[in-house]
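Q: The structure's right below; bear with me while I get my questions together.
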Amino acid sequence: RVSLTAQTVTQMQSARAMVAGLALALFVQSDARVIGSVPTATRSDTVATSGGQWDFVQSTAKLASPRRDLGGAVAGGRAYFAGGCSDTASPYECLSPTAAVDIVTPDGTVTAAAPLSVPRGWATGCGITKFVLFAGGGTGGAAPHLAVGDVIDTTTGKTTAFPTALSVGRWGLGCTAVNGSVFYAGGKSIPSEGTYAMSAAVDVFHPTSQVWERAPYVLSHPKECVAGAGSRNSVVWAGGWVETPNSGHGGPIFQRADTAIDTFTTLGTEGPHASFEKGAEWPGAVEGPDGNAYVLGSTELLVFNGTVLLSKTPAAVGAGVLAATVTNNGVSVGDRFVCFYSLTPNGVVCYDISKEQWMPLVPCSVVHKAGAFVAVGSTVLVAGGYNPDRGNAATDVVDLLTIS
């Protein structure tokens, strides 16, 4: 593999600000109000690599309020950021949850949508056809996690709440859309005060019938922070946290990163098992523009065609991606790239599937640990989160990166 170094060729003000202003005037969304717009793009660069050049434009926008542990999903050409926590006392609790839902377009226009049915952090988001879903989550501490699933119709702005969408209330789920349905897997639940449990359950939402049900399979073992990616009527579930019993603490301690990678067809047929070289909590995973699943651990990128492992490639920034603690950390961008958010170093790193090489990391303007990470077409959006080096203060910044 070739070591790549970014080389800034030009820095200039972008005309995208005028486009954002025009889009702001024309944008109409049912039950939504404009709360902000993108400022002038900060950079327009050309990065020279061994494989040619890679052009990108960076800009920023702002959510309605600073928050971490928010969910993100995309449908209808727009990104939706939902829920989250604004307090700084502990990243493991949500003392000040919000139900807010912000819509962000690729030009940086931000609007407010109807809120979630229940204020909460850690709601896991996925998009399919015209719907975005936010399921599970909670407030941490001793409060039971939620089974609710909010389904937003992006064409009407209507939110439908399903109080028992999940088979058991939990947070730390992975989700992915494949073969016309959305799958939610794993997670951690609090059955009662002082009692914690991991889950191996997989729940499915069918948008055509608007029905939630249990999948015909479960994960190989209970875990949270699992990553999921679809590929050709199959699903790959990778890594996560598994529980290690400790009788001295009255329950399990969640301290072991999992190496296991499960594969299943959407009909529930179990495929071959694979594994990371090292345990991977909060790994990256995404279905690429070529239909393959790309799964990122701390040291390697694994590529699956359906349930079949095709290849392994070294990943220099894998540890930084895992440290970001971002649910659904992985996006498909255009027809060439899969991208991930890295905490250390802080920025977006992309893999060019056509050239089979990593591109130089593009720094973000702020730190987005426990933020949301999505892509709309060729634009990557990293929203919210917090900076552990600055008193866990949450941010309202959305970093946008448009790649060509």
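The values are calculated or read from the model by the stated rules, or taken from the named source; none is laboratory data. Here the structure is a predicted model, which means the values were calculated and not measured. Backbone-built Cβ (ideal geometry, glycine too); neighbour counts: all protein chains shown. Accessible surface is based on the protein model in full, side chains and every heavy atom, while ligands, DNA and RNA are left aside. Shrake-Rupley method; radii C 1.70, N 1.55, O 1.52, S 1.80 Å.
Q: Based on alpha-carbon positions alone, could you give the equivalent ellipsoid semi-axes of region 310-404 from the gyration tensor, as √(5λ), descending, whole Å?
A: Semi-axes, largest first: 23, 15, 10 Å.
Q: Provide 145, 221 ordered by accessible surface of protein heavy atoms (probe 1.4 Å), highest first.
A: The residues order as 221, 145, largest area first.
Q: Which far-off residues, 5 or more places away or on another chain, put their amide H under 5 Å from the one on residue 392, with H placed in the peptide plane?
A: Distant-sequence amide H within range of residue 392: 387.
Q: How big is D, in µm² s⁻¹, for region 100-210 by Stokes-Einstein at 20 °C and 1.002 mPa s if Rh is the Kirkwood radius over C-alpha pairs?
A: Once the numbers are plugged in, D ends up at 148 µm²/s.
Q: I would also like to ask the following. Explain nothing, just compute: Karplus ³J(HN,Hα) = 6.51 cos²θ - 1.76 cosθ + 1.60, θ = phi - 60°, for every residue of region 183-191 in order, whole Hz, x for Gly and Pro.
A: In residue order, the calculated couplings are 10, 10, 9, x, x, 10, 10, 10, x Hz.
Q: Can you compute the label reach from residue 158? Point 7 Å from Cα along the Cβ direction, backbone N cut-off under 20 Å, restricted to region 123-137.
A: Flagged as within label range: 127-135.
Q: Explain nothing, just compute: Karplus ³J(HN,Hα) = 6.51 cos²θ - 1.76 cosθ + 1.60, θ = phi - 60°, for every residue of region 360-375 in order, whole Hz, x for Gly and Pro.
A: Each residue's phi maps through the Karplus curve to give x, 5, 9, x, 8, 6, 9, 7, 10, 4, 6, x, 10, 9, 9, 9 Hz.
Q: Here is a follow-up. Measuring from the lowest to the highest alpha carbon on each principal axis, how far does region 72-153 reach, largest first, in angstroms?
A: The Cα atoms of region 72-153 stretch 38, 24, 17 Å along the principal axes, largest first.
Q: Quick one: which residues, 5 or more positions from residue 75 or on another chain, have an amide H under 5 Å from its amide H? H modelled 1.01 Å from N in the peptide plane, none for Pro or chain starts.
A: The list, which skips near neighbours in sequence, is 80.
Q: Shifting gears a bit: Could you give each residue of region 79-92 its phi-based ³J(HN,Hα) in whole Hz, using Karplus coefficients 6.51, -1.76, 1.60 with θ = phi - 60°, and x for Gly or Pro?
A: Computed from phi, the couplings for region 79-92 are 9, 10, 10, 10, x, x, 10, 9, 6, 10, 4, 8, x, 9 Hz.
Q: Something else: Rank by packing, highest mean first: peptides 108-114, 223-229, with packing defined as the count of other Cβ atoms within 10 Å averaged across residues. Mind dumping the intermediate values first?
A: Numbers: 108-114: 21.9, 223-229: 29.1.
Peptide ranking by packing, descending: 223-229, 108-114.
Q: State which entries of 62/130; 62/312; 62/369; 158/188; 62/158 exceed 26 angstrom in Cα-Cα distance in the structure shown. Write down the numbers at each step before the final one.
A: Numbers: 62/130 24 Å; 62/312 37 Å; 62/369 16 Å; 158/188 29 Å; 62/158 23 Å.
Where the Cα-Cα span goes over 26 Å, the pairs concerned are 62/312; 158/188.
Q: If a/c stays under 1.5 just call it rounded; otherwise compare a/b with b/c (prolate if a/b is bigger, oblate if not). Do that for region 249-361, with a ≥ b ≥ c from the square roots of the Cα gyration tensor eigenvalues.
A: oblate
Q: Does region 157-316 come out rounded, prolate or oblate by the C-alpha gyration tensor, with a ≥ b ≥ c the root eigenvalues, rounded set by a/c under 1.5 and, if not, prolate when a/b is larger than b/c and oblate if not? Provide the component values of the computation, followed by the final result.
A: Details: a/c = 2.02, a/b = 1.07, b/c = 1.89.
Here region 157-316 falls in the oblate category.
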